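Shown next, in structure tokens, is the structure this report addresses.
The values are calculated or read from the model by the stated rules, or taken from the named source; none is laboratory data. Just so it is clear, the model here is predicted, and its values are computed rather than measured. All Cβ positions, glycine included, derive from the backbone under ideal geometry; neighbour counts span all protein chains shown. Just the protein is used for accessible areas: all its heavy atoms, side chains included, with ligands, DNA and RNA removed. Shrake-Rupley method; radii C 1.70, N 1.55, O 1.52, S 1.80 Å.
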Amino acid sequence: MTMRLHNVKHAIRWIAVALACAPSLAVAQSDASRVLLDGRGESHQIRLISISDEAIIYEDQLGRRRQATVGGYVALLPALPDEVSRATPSRTDLSPIGPGVIEMNDGQRFPGQPAPTGGEDDALVWSHPTFGLVTAPIDSIARVALNPSTDMPRMTHDGELIDDQLVLVNGDRLVGFLVSFGDPVEFEVDGETIAIPLDRISEATLANPPASMSGMVVWLEDGSVAVVASLETRLDERVSVQLPGGQSAMVPLDDVRAVAFDAGRLHPLASIPIESQRAIGERGVFDPVHELIGSALAPADLNAADIELPGPMEARWKLPDGAVRFAGVAELPLEALPWGDCDLVIAQNGVELLRERLNLDRPRFEFSVPVEAGPMRIAVEPGAYGPISDRVVLRRPLVLTE
């Protein structure tokens with residue numbers, strides 16, 4: 001009888017949580033609500049007042065105005081919703097502002113379209129609605145999508161491409177080598193170069209190897225991700241953003257969604273290959289770890305996509321040289337409540353760095369643990385109600401390096 005009453009109370013509390021969460025799924029966070037990540041990967045919630053490439057002015061949670069140098073922090077990003085949410089990508093709020101998007105092999109991206117002047121022999125000239133003409137070297141491009149849609153998956157680098165690929169508007173796919181991206185597009189197939197009118201191209205994926213970001217990088221509300229040479233908030237609360245190539249734009253402060261002050265120190269866990277993974281306990285079907293990548297129109301803040309461990313399991317990653325902290329937010333997604341009850345374990349070299357319980361009483365916690373280069377194990381271990389609903393989402397997990 002006691003157990004039955006406990007379950008009833010558990011379900012009643014879950015209904016209250018679900019009702020509390022429902023509005024948060026439809027109502028966006030306040031644009032001014034941001035989180036500063038310090039060098040230990042720990043977050044500090046603020047209201048942003050102004051930002052430059054040297055300093056941040058903000059109000060803390062007590063309403064006190066503060067000023068800090070950017071050197072004391074690694075990133076600025078939006079605050080998470082107050083309540084847990086569904087296991088869906090963190091950004092699903094974008095609509096296309098132009099007919100296309102270009103993605104660079106270091107993670108930069110620019111909505112827009114090919115410039116009317118066409119391309120150069122070794123570069124694509126791209127027209128961005130805010131920055132104007134941006135020249136992208138062909139050997140630094142990962143993908144050009146001329147007709148992106150919300151259901152087109154975001155590009156990942158799970159496998160190494162050997163050849164460039166063109167997808168035509170009729171669905172045909174060509175494999176070969178992109179010679180130039182103008183109008184027409186010149187593409188080599190089986191040793192023969194063919195010219196294809198630009199309006200017949202839907203997408204081009206290039207076999208350029210991934211590269212690392214460095215310096216200051218901004219994520220804008222329109223979906224742009226750009227390395228910047230300077231950043232400055234003006235008196236009218238607009239921000240002057242200048243690219244290394246000299247292009248500049250004025251955007252509202254609220255449109256500066258996230259900033260990596262030194263992108264070379266931030267390594268999204270989603271960008272690190274999984275070395276191994278296995279189920280814990282008896283499971284008829286094993287669902288692997290997966291990245292909640294969203295659509296091509298919705299880049300993850302700091303390019304740190306959420307990752308779901310969809311059941312009792314363990315997975316191992318090899319952390320990069322210089323790794324010093326692993327940070328993020330662990331959450332039982334809304335779909336796992338009310339019965340989800342499990343331990344999240346993070347370990348290295350046979351030593352547990354973290355073991356924390358997730359359940360209806362505590363469906364989310366923030367973590368930042370010291371790590372080093374080499375293998376790291378993350379496990380979801382079943383709790384009081386067995387394996388059912390034991391699934392964990394890691395929100396924007398990041399490895400920080402020195």
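For the reader, a short list of remarks on this structure follows.
- Members of region 307-325 that are of a type in the set (Gly, Ala, Ser) and modelled with pLDDT of 95 or more: 315, 322, 323
- The residues listed here are 224, 214; of these, the one that is among the polar types (S, T, N, Q) and open to solvent by less than 70 Å² (accessible area, probe 1.4 Å) is 224.
Okay, residues lined up against (1) open to solvent by 30 Å² or more (accessible area, probe 1.4 Å); (2) modelled with pLDDT under 95; (3) under 17 Å from residue 308 (Cβ atoms); (4) part of a strand (DSSP E or B):
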residue	(1), (2), (3), (4)
327	no, no, no, yes
335	yes, yes, yes, no
343	no, no, yes, yes
346	no, no, yes, yes
354	no, no, no, yes
369	no, no, no, yes
372	yes, no, no, no
378	no, no, yes, yes
381	yes, no, yes, yes
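- Every pair of residues 6+ apart whose Cβ atoms lie under 6 Å, when the first sits in region 387-402 and is among the hydrophobic types (A, V, I, L, M, F, W, C) while the second is open to solvent by 10 Å² or more (accessible area, probe 1.4 Å) and assigned to a loop (DSSP other than H, G, I, E, B): 388/339; 393/87
- The residue pairs whose first member lies in region 61-86 and is charged (D, E, K, R), whose second member is open to solvent by less than 40 Å² (accessible area, probe 1.4 Å) and not in a strand (DSSP E or B), and whose beta carbons are closer than 6 Å, counting only pairs six or more residues apart or on different chains, are 66/60; 83/21; 83/24; 86/333; 86/334.
- Qualifying residue in region 182-202 (condition: under 25 Å from residue 43 (Cβ atoms), aromatic (Phe, Trp, Tyr) and either open to solvent by less than 30 Å² (accessible area, probe 1.4 Å) or touching a residue at least 60 places away in the same chain (Cβ under 8 Å) (or both)): no
- All of (1) modelled with pLDDT under 70; (2) closer than 28 Å to residue 362 by Cα; (3) in contact with a Pro (Cβ under 7 Å, 6 or more places away or on another chain) hold for residue 98 with one exception: (2).
- When each of 67, 61 is tested for being over 23 Å from residue 384 (Cβ atoms) and modelled with pLDDT under 95, the lone residue that passes is 61.
- Sub-7 Å Cβ pairs linking a first residue in region 99-124 that is without any contact (Cβ under 8 Å) to a residue 24 or more places away in the chain to a second residue that is of a type outside the set (A, V, I, L, M) and open to solvent by less than 30 Å² (accessible area, probe 1.4 Å), at least 6 apart or interchain, are 112/98; 112/100; 112/126; 112/128; 115/126, ordered by first then second residue.
- Qualifying position, being assigned to a loop (DSSP other than H, G, I, E, B), crowded, with 18+ Cβ neighbours inside 10 Å, of a type outside the set (Asp, Glu) and in contact (Cβ under 8 Å) with a residue 40 or more places away in the chain, among 317, 339: 339
- Region 120-130 - residue that is open to solvent by less than 10 Å² (accessible area, probe 1.4 Å) and within 11 Å of residue 110 (Cα to Cα) and, of those, farthest from the chain's Cα centre (by Cα): 126
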